[in-house]
Amino acid sequence: MNHEKTPELEKSIEKSGRSVVIVICHCAVLISESNQLSRVWQGI
């Protein structure tokens, strides 16, 4: 096993890391929007 990071591996890790952050941000936005919707429904 070669434990040295190759440039390709580092690039793929960066891309996957960014995509994970984007997914987490999308989930946070969806959760906050659904919370606002539930508050509106409760207010009715």
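The values are calculated or read from the model by the stated rules, or taken from the named source; none is laboratory data. None of the values given here were measured: they were computed from a predicted structure. Glycine also receives a Cβ, built like all others from the backbone with ideal geometry; neighbour counts cover every protein chain displayed.
Might you let me know whether region 17-31 holds any residue that is over 14 Å from the mean Cα position of the chain (by Cα) and in a helix (DSSP H, G or I)? No: region 17-31 contains no residue that is over 14 Å from the mean Cα position of the chain (by Cα) and in a helix (DSSP H, G or I). Counting residues in region 4-16 that are surrounded by fewer than 10 Cβ atoms within 10 Å (Cβ to Cβ), among the hydrophobic types (A, V, I, L, M, F, W, C) and out of contact with any Pro (no Cβ under 6 Å at 6 or more places or on another chain) gives zero. For region 1-16: of the residues being at pLDDT 90 or above and among the polar types (S, T, N, Q), which is farthest from the chain's Cα centre (by Cα)? Checked region 1-16; the qualifying residue farthest from the chain's Cα centre (by Cα) is 12.
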